[in-house]
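Asker: Have a look at this one before I ask anything.
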Amino acid sequence: MTMMLRITLGILAALAVISSSLADEKKPVDPDLARQGFAFVLTYCGKCHGKGASEGGGEMDVTDPAELVDYGYLVPDDPESSEMWRRVVEGEMPPEGEPQPAARDAEIFRRWIAAGAPKPVYFPMQKRLKMRSRTSSV
């Protein structure tokens with residue numbers, strides 16, 4: 001095999017690997033959607049199901065989307081199959097007596113799940129996004 005043929009085959013192999021890895025990458029996530037979707041979880045779920053919460057059974061930490069996936073409550077890219085989304089839509093969560101999300105906020109939550117439920121790169125815990133709270137459910 002000639003040297004030129006070896007170089008050409010090497011370049012083609014490298015291009016195949018690169019194009020394969022690029023095809024597997026997901027589209028970039030809107031950082032605002034990541035922050036707002038995560039804020040929904042912290043605002044409406046975190047009090048009872050957050051890290052160190054004494055209410056809600058304490059079985060999981062909603063501040064870790066990976067844990068929500070592991071427990072089967074969240075199906076990234078598929079809100080309709082996500083237990084968390086079902087509970088919000090049916091008015092089961094947040095429970096009666098707790099602040100209820102406005103329809104606009106619930107739609108942000110749905111879009112966040114549909115985008116893969118990304119955890120924001122930076123989220124100042126002391127500055128949670130202000131979500132509009134209503135007494136009516138979604």
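The values are calculated or read from the model by the stated rules, or taken from the named source; none is laboratory data. Computed from a predicted structure; not experimentally measured. For neighbour counting, all protein chains shown are included, and Cβ atoms are generated from backbone atoms with ideal geometry for every residue, glycine included.
Asker: Is there a residue being at pLDDT below 85, closer than 15 Å to residue 115 by Cβ and touching a Leu at 6+ places or on another chain (Cβ under 7 Å) anywhere in region 71-81?
Answerer: As a first pass, look at region 71-81 and keep what is at pLDDT below 85: none.
No: region 71-81 contains no residue that is at pLDDT below 85, closer than 15 Å to residue 115 by Cβ and touching a Leu at 6+ places or on another chain (Cβ under 7 Å).
Asker: In addition: Only one of these is under 17 Å from residue 42 (Cβ atoms), buried (at least 19 other Cβ atoms within 10 Å of the Cβ) and in contact with a Cys (Cβ under 6 Å, 6 or more places away or on another chain): 88, 62. Name it.
Answerer: Details: 88 fails: in contact with a Cys (Cβ under 6 Å, 6 or more places away or on another chain).
Residue meeting the stated conditions: 62.
Asker: What's the number of the condition residue 84 fails, among (1) under 20 Å from residue 67 (Cα atoms); (2) modelled with pLDDT of 95 or more?
Answerer: Of the numbered conditions (1) under 20 Å from residue 67 (Cα atoms); (2) modelled with pLDDT of 95 or more, the odd one out for residue 84 is (2).
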